[in-house]
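The values are calculated or read from the model by the stated rules, or taken from the named source; none is laboratory data. Note that the structure is a prediction, hence the values are computed from the model and not measured. Here the Cβ is made from the backbone with ideal geometry for all residues, glycine too, and neighbour counts use every protein chain on show.
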Amino acid sequence: ALAAIAAGLWLAVLRPGDDLARVTVLDVGQGLAILVQDAGRAVLIDTGPADGAGLRALPAAGVRAGLDAVLLTHADLDHTGGAVALLQRLEVDAVLGDPAVLAVAGLDGSAIDIGDRVRLSERVSIEVLAPPIVTRGRAHESTNDASLVLLVTVGERRILLPADIEASAEAWLIESGQPLAADVLVLPHHGSRTSSTPAFVEAVAPAVAVASAGAGNPFGHPLPEVLARYEGAAVLRTDLHGSVTLSSDGERLWWRTER
């Protein structure tokens with residue numbers, strides 16, 4: 001499937017020679033791994049579960065030898081389980097995350113905190129919107145709410161990656177006054193009922209919503225009642241559509257699914 005987003009939703013053709021930045025929500029089963037690529041650079045956000053699905057999905061996305069960085073959002077194994085094997089197989093220049101998360105995963109790396117920005121190119125950056133890590137400015141109701149919330153900016157286009165945050169962190173983000181509106185939202189916590197509150201969905205107002213979940217997973221992710229909150233958005237699911245690739249020239253935004 002192929003589509004594009006500008007002011008509205010419309011169809012376009014991607015030519016092989018197009019100079020586009022790409023954000024790919026990899027099909028890793030019940031877990032999360034998102035690849036951001038531009039200008040010959042590649043950053044992997046989370047690695048998927050320990051079964052190696054993240055590592056296996058990378059070659060099809062154009063990564064065979066190495067990555068500029070791996071960024072871990074939180075310690076759950078469906079996000080970090082593949083990290084050790086991936087780092088053994090690929091050259092990775094930097095590992096980033098909450099020091100506590102890196103320690104749990106048994107990895108050496110550098111701390112990344114709210115307000116920090118990873119820049120891949122002049123047009124592509126990854127910014128940390130939440131939570132405060134080093135300062136620990138607030139208590140979290142759950143470890144999921146301690147997830148890094150990331151905003152990928154490609155020129156004028158915005159892709160919000162909230163990892164596994166739940167209602168409490170969603171409310172904090174809204175109250176923080178940060179602009180949350182985005183063209184694309186990867187559903188928080190895989191489409192769990194503990195996330196995607198109506199207020200958060202309204203604040204983000206995505207044209208495209210992507211759910212990363214495993215086929216037949218025991219949690220029922222993404223839940224039908226949660227998907228119903230995204231009425232009006234194009235809803236894509238890795239369990240049904242495979243990997244989802246978002247491509248942009250900084251003004252227009254296309255999406256393509258593996259199946």
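Filter region 186-203 down to residues that are buried (at least 24 other Cβ atoms within 10 Å of the Cβ) and aliphatic (A, V, I, L, M) and give me whichever is nearest to the chain's Cα centre (by Cα). Here the residue is V186.
Name the one entry in D38, D19 that is at pLDDT below 95, farther than 16 Å from V244 by Cα and of a type in the set (D, E). Don't jump to the end; show me each part of the working.
Working: D38 fails: at pLDDT below 95.
Of D38, D19, the one residue that is at pLDDT below 95, farther than 16 Å from V244 by Cα and of a type in the set (D, E) is D19.
Can you tell me how many residues in region 171-215 are in contact (Cβ under 8 Å) with a residue 12 or more places away in the chain and part of a loop (DSSP other than H, G, I, E, B)? Of the residues in region 171-215, 19 are in contact (Cβ under 8 Å) with a residue 12 or more places away in the chain and part of a loop (DSSP other than H, G, I, E, B).
Test of understanding: among D183, D164, which residue is of a type in the set (D, E), surrounded by fewer than 24 Cβ atoms within 10 Å (Cβ to Cβ) and within 14 Å of the chain's Cα centre (by Cα)? Even if it seems obvious, please write down each step before you answer.
Working: D164 fails: surrounded by fewer than 24 Cβ atoms within 10 Å (Cβ to Cβ).
On inspection, the qualifying residue turns out to be D183.
Scanning region 133-146 finds one or more residues that are of a type outside the set (F, W, Y), crowded, with 18+ Cβ neighbours inside 10 Å and over 16 Å from the mean Cα position of the chain (by Cα). Of everything in region 214-249 that is of a type in the set (A, V, I, L, M) and more than 17 Å from V23 (Cα to Cα), the residue that is surrounded by the most Cβ atoms within 10 Å (Cβ to Cβ) is V226.
For first residues located in region 229-242 and at pLDDT 95 or above and outside any strand (DSSP E or B), partners that are crowded, with 21+ Cβ neighbours inside 10 Å and among the acidic types (D, E) and lie 6+ apart or on another chain with Cβ distances below 7 Å form the pairs T238/D27; G242/D27.
In region 101-119, which residues are in a helix (DSSP H, G or I) and either surrounded by 14 or more Cβ atoms within 10 Å (Cβ to Cβ) or within 16 Å of the chain's Cα centre (by Cα) (or both)? Break it down into steps so the answer makes sense when it comes.
Start the filter on region 101-119 by keeping residues that are in a helix (DSSP H, G or I), which leaves 101-104.
Residues satisfying the conditions are V101, L102, V104.
With respect to S125, is the statement that it is part of a strand (DSSP E or B), over 26 Å from G52 (Cα atoms) and either touching a strand residue (DSSP E or B) at 6+ places or on another chain (Cβ under 7 Å) or modelled with pLDDT of 95 or more (or both) true? So that I can check it myself, show each step before the final result.
Numbers: part of a strand (DSSP E or B): yes; over 26 Å from G52 (Cα atoms): yes; either touching a strand residue (DSSP E or B) at 6+ places or on another chain (Cβ under 7 Å) or modelled with pLDDT of 95 or more (or both): yes.
Yes.
Among the residues of region 151-161, which ones are under 17 Å from the mean Cα position of the chain (by Cα) and either charged (D, E, K, R) or buried (at least 24 other Cβ atoms within 10 Å of the Cβ) (or both)? Walk me through it before giving the result.
Step one: filter region 151-161 for residues under 17 Å from the mean Cα position of the chain (by Cα), giving 151-154, 157-161.
Once the filter is applied, which keeps residues that are under 17 Å from the mean Cα position of the chain (by Cα) and either charged (D, E, K, R) or buried (at least 24 other Cβ atoms within 10 Å of the Cβ) (or both), region 151-161 yields V152, V154, R157, R158, I159, L161.
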